[in-house]
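For reference, the structure is listed below as structure tokens.
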Amino acid sequence: MTHPTVHRTTHPTVAELTRAHRSWWPWAVLVIVLLGTAASNGKNDVDHPVPLGVLLVVVATLPAVLPPLSGRLAGVSLVGSGALCGLYFALGYADGPVFLALPVVTFLVAAAVPVARWLPGALVGVGLLAAGLWARWEWHADEPHKSLWQAIGMLGVVLAAGAVATATRNRFEARAERVERAATEERLRMAQDLHDGVGHGLAVIAMQAGVALHVLDRDPAAARASLEAIRSTSREALEVLRVELATIAGESAPRRPAAGVEAIPALVDRVRAAGLRVDVVGEPGEVDAPTGEVAYAVVQESLTNVLRHAAAGAATVAWERGAGTLALRVSDDGRGGAVQDEGMGIGGMRARVTAIGGTFRAGPLEHGGFEVTAVLPV
């Protein structure tokens, strides 16, 4: 079976996304807040020193340029930012870039932590900011309706900033999960290919070596044929191993076309040469490439299991065409037994068959032996 070569591509994680968010523009916001607050209060008569107001707003914005906080500290940063902005207004300082502080901090905190970690802190922060607007109206004769609408507007802006950051974070997490899932599936496919190709080759080699040792003294020609079969099979297994290892290492390696039903006769002959009698009943006929690849994998793994585990003298590969289906049965006359652990062999066959919409069954026969049945769509 073939699969695409794995390419080592990097995908930003949520932590990397957060660091990217904190790269340059939060610093630009901090500079704007500093200069803008100084300018807006310099043109107005305020009861307190302008540097104090600038300091309050800068410190309120500071969490935006610090490393991302997690856990309770994330909420504390939002509460602190809202409290400092509220104190700024309560002291009677003028409107200005101060309205950027809490939304920016909320966006960056929400990009780093789940909703439950940032939402309570953001609501408390907005509440403290609104309290500061109310205090400015009470203590410094500000316009009441303006303060009310400013508080409502800040609530909407802060929640919108958090919602956008959360949506962005969720999108990156979903993409990271998809990439990880694809990488896991690719690793499983590569392990399955190694199991099928190399495992089958080693099983045939072991059987051929047994045949060669058995006839070495009385039939040198048969022993020679077995050794030649071992050489041929080992080359194929080593080629499969080389290609898979090159793929794992990220190197480009030429891949042979996937084996289909046309390669099954050669597979059967190789198993027969290892000493197992294999009878073939029926013909698969013409099938599409995906179905042919799965059929080959099922026959290969089934016969490999017969060689390795069944202690059988004969096996049968039976084909039966139906209405839009191809039934494949591989049975043997070995010791059978219930399946305790499907492992990579039977589990891999089941996964391949179900992946193309077929059905799969494997289990002992009533009168001894074992049978694998796959019904494939054609």
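The values are calculated or read from the model by the stated rules, or taken from the named source; none is laboratory data. Keep in mind it's a predicted model, so treat the numbers as computed, not measured. Here Cβ is always computed from backbone atoms with ideal geometry, including for glycine, and neighbour counts include all displayed protein chains.
Tell me whether the range 123-145 contains one or more residues that are charged (D, E, K, R), without any contact (Cβ under 8 Å) to a residue 40 or more places away in the chain, in contact with a Phe, Trp or Tyr (Cβ under 8 Å, 6 or more places away or on another chain) and loosely packed, with under 14 Cβ neighbours inside 10 Å.
Yes: one or more hits.
Being at pLDDT below 80 and among the acidic types (Asp, Glu) is the filter here, so list the residues in the range 333-361 that pass it. Before the answer, list the steps.
Taking the range 333-361 first, the residues at pLDDT below 80 are 335-345.
Correct list: Asp341, Glu342.
Return the only residue of Arg231, Arg277 being assigned by TED's automatic domain parsing to the domain that holds Val299, under 24 Å from Ala209 (Cβ atoms) and either at pLDDT below 85 or exposed (fewer than 14 other Cβ atoms within 10 Å of the Cβ) (or both).
On the way: Arg231 fails: assigned by TED's automatic domain parsing to the domain that holds Val299.
Checking each option against the conditions leaves just Arg277.
Please work out if Leu155 is closer than 19 Å to Val54 by Cα and not β-branched (Val, Ile, Thr). Step through it out loud before you land on a result.
Details: closer than 19 Å to Val54 by Cα: no; not β-branched (Val, Ile, Thr): yes.
So Leu155 fails the test.
Is it the case, given these coordinates, that Thr106 is closer than 30 Å to Lys146 by Cα, crowded, with 19+ Cβ neighbours inside 10 Å, out of contact with any Gly (no Cβ under 9 Å at 6 or more places or on another chain) and modelled with pLDDT of 90 or more? Show your work before the answer.
Details: closer than 30 Å to Lys146 by Cα: yes; crowded, with 19+ Cβ neighbours inside 10 Å: yes; out of contact with any Gly (no Cβ under 9 Å at 6 or more places or on another chain): no; modelled with pLDDT of 90 or more: yes.
The answer is no for Thr106.
Yes/no matrix, rows are residues, columns are (1) modelled with pLDDT under 80; (2) aliphatic (A, V, I, L, M); (3) touching a strand residue (DSSP E or B) at 6+ places or on another chain (Cβ under 6 Å); (4) over 23 Å from Ala225 (Cα atoms):
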| residue | (1), (2), (3), (4) |
| --- | --- |
| Glu262 | no, no, no, yes |
| Ser302 | no, no, yes, yes |
| Val306 | no, yes, yes, no |
| Ala310 | yes, yes, yes, yes |
| Thr325 | no, no, yes, yes |
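Could you please let me know if Thr316 is in a strand (DSSP E or B) and modelled with pLDDT of 90 or more?
Working: in a strand (DSSP E or B): yes; modelled with pLDDT of 90 or more: yes.
Judged against the criteria, Thr316 is a match.
Going by the conditions given, is Ala163 surrounded by fewer than 17 Cβ atoms within 10 Å (Cβ to Cβ) and at pLDDT 90 or above? Don't jump to the end; show me each part of the working.
On the way: surrounded by fewer than 17 Cβ atoms within 10 Å (Cβ to Cβ): yes; at pLDDT 90 or above: yes.
Yes; evaluated as a whole, the condition is true for this residue.
Taking Asp95 and the conditions (1) farther than 18 Å from Val33 by Cα; (2) touching a helix residue (DSSP H, G or I) at 6+ places or on another chain (Cβ under 9 Å); (3) surrounded by fewer than 20 Cβ atoms within 10 Å (Cβ to Cβ), which numbered condition does it fall short on, given that it satisfies the others?
So Asp95 meets the others, but not (1).
Which pairs do you get when a residue that is part of a helix (DSSP H, G or I), found in the range 276-298, comes within reach of a residue that is among the basic types (Lys, Arg) and buried (at least 20 other Cβ atoms within 10 Å of the Cβ), reach meaning Cβ atoms under 7 angstrom, with the pair 6+ apart or on two chains?
If the second residue must be among the basic types (Lys, Arg) and buried (at least 20 other Cβ atoms within 10 Å of the Cβ), the pairs left are Val294/Arg352; Ala297/Arg352.
Which residue pairs have Cβ atoms under 6 Å apart, sit 6 or more places apart or on different chains, and have a first residue in the range 209-221 that is over 13 Å from Ala273 (Cα atoms) and modelled with pLDDT of 70 or more and a second that is assigned to a helix (DSSP H, G or I) and small (Gly, Ala, Ser)?
Listed by first residue and then by second, the contacts come to Leu216/Ala223.
Applying the selection to the range 135-176, what residues are over 50 Å from the mean Cα position of the chain (by Cα) and assigned to a helix (DSSP H, G or I)? Spell out the reasoning first.
At the first step, the residues of the range 135-176 found to be over 50 Å from the mean Cα position of the chain (by Cα) are 135-146.
Matches in the range 135-176: Ala135, Arg136, Trp137, Glu138, Trp139, His140, Pro144, His145, Lys146.
Is it true that some residue in the range 113-134 is assigned by TED's automatic domain parsing to the domain that holds Ala28 and not in a helix (DSSP H, G or I)? Reasoning before the result, please.
As a first pass, look at the range 113-134 and keep what is assigned by TED's automatic domain parsing to the domain that holds Ala28: 113-134.
Filter once more, so that each one left must be not in a helix (DSSP H, G or I): 113-114.
Looking for residues that are assigned by TED's automatic domain parsing to the domain that holds Ala28 and not in a helix (DSSP H, G or I), one finds at least one in the range 113-134, hence yes.
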